[in-house]
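Down below is the structure, laid out as C-alpha cells.
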Amino acid sequence: MTVSSTNVFSGIAAEPRGGLVVFTLLVLETDMTDALFVVSEEGYWGEECVEPLETLTEAGVEITVATPSGDPPVVDERSLDPEQVGEETAEHVREVAETDERLNDPIPVAQADADGYDAVVFPGGHGTEWDINQDKHARELFRDIVEGDGKALVVCHAVGMLGFARDSHGAFIVNGRDVTGFPNEWEEGIVDEADRMPDGRKLPYWVEDEVKEAGGNWDAELDSDTSVTVDGDLVTARGPGSSSAAAETLLEELGV
C-alpha cells in the first residue's frame, strides 16, 4: 500500500543516571493513510459522502476533497429532505455539508495525483452523471489508483463512471469485474417516461445499463439490506443505505 504522509510525535523522557538526570528526546513516526474524495458539483447524495467521510476520519485517515473545477461540491437537496432521508440524517448531512472545511475548500481534480493517495472515494448522487462520471481527469484518477497500489470506492450513481473508464490499454476497466451500484429498478421510481428527473433535468443514461454494456458483472443484490462488492482493488456500493458498510469495507481493504 502506498504511504503518502507521516505524522511525527515527540516527547522527552527523564532518566536518573549516577546522580544526574539524563533527558532523552523521543521521536515516533507513524505512517498515515491518505484518501481523496472526488465529489460532484452537480448534486452529490449527502449520506453517500458524509458516512464514508466521517468513518474514515474517525479511523485516522487523512482526507482531501476534490471537485471537477475546485469549487465546493453541491449537495442534492433531496438528500437533505427529512421526508426522503429522515430528520436526523437530513440535519446531520446539512451540518457537515455547510461546516466541513475539507468539503468547502476542495482542490481541482486535475491537480490530484493518484500516487499521493492510498484510496480514492467517489460518492454518488445523480449529479455525478453530469460531471464526475464524464470528467476526463476523474476517470484518469480512477484508472491510476486501480492500476497502482491503491483502492477505489465507488458509490451508487458514481458507479456509472465504470461504463466509460478505460485502462492504459484502452479496455474498459470494469470488464469482467463484479460490481454493484444504483439499479434500474430504483431508477424507474425516480424518472418519468422521458427519463426526466424531479428537477426537470433529463438523466443522460442509466448506471446499470452502461456498466453491463462495458462488461461488468452486475449484481445489486436487491434482496439484501446493503450491497457492497469487492473485486480486487475496486469496492463498489449500491446506494445510501450501503454507505456505512462500504466505508468499513474500504478500511478493511486498506488494513486500517
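Of the DSSP H helices in the chain, not one has a Cα length along its own long axis of 30 Å or more together with a mean Kyte-Doolittle hydropathy reaching 0.0.
What's the extension gain from N217 to T57 if we count 0.36 nm per residue and subtract their Cα-Cα distance? Each step should come with its number before you reach the end.
Details: separation 160, 0.36 × 160 = 57.60 nm, distance 3.13 nm.
Taking N217 through T57 to full extension adds about 54.5 nm, to one decimal.
Taking the Cα centre as origin and putting +1 on Lys and Arg beta-carbons and -1 on Asp and Glu beta-carbons, what dipole magnitude results for segment 93-148, to the nearest 20 debye?
200
Taking the average, over residues, of other Cβ atoms within 10 Å as the packing measure, peptides 147-157, 91-101, 111-121 rank 147-157, 111-121, 91-101 from highest down.
Taking max minus min of the alpha-carbon positions on each principal axis, the chain gives extents of 88, 45, 37 Å, largest first.
Using the beta-carbon distance between E83 and Y205 and R0 = 25 Å, what value does 1/(1 + (r/R0)^6) give for FRET efficiency, to the nearest 0.05?
Numbers: r = 27 Å, r/R0 = 1.10.
Efficiency for this residue pair is about 0.35.
Here the relative contact order of the chain, from alpha carbon pairs under 8 Å that lie six or more residues apart, stands at 19 percent.
Since every read-out is calculated from the coordinates, none of them should be taken as a lab result. These numbers come from a predicted model, not from an experiment. When we count neighbours, we look across all protein chains shown, and the Cβ atoms used for this are built from the backbone with ideal geometry, even at glycine.
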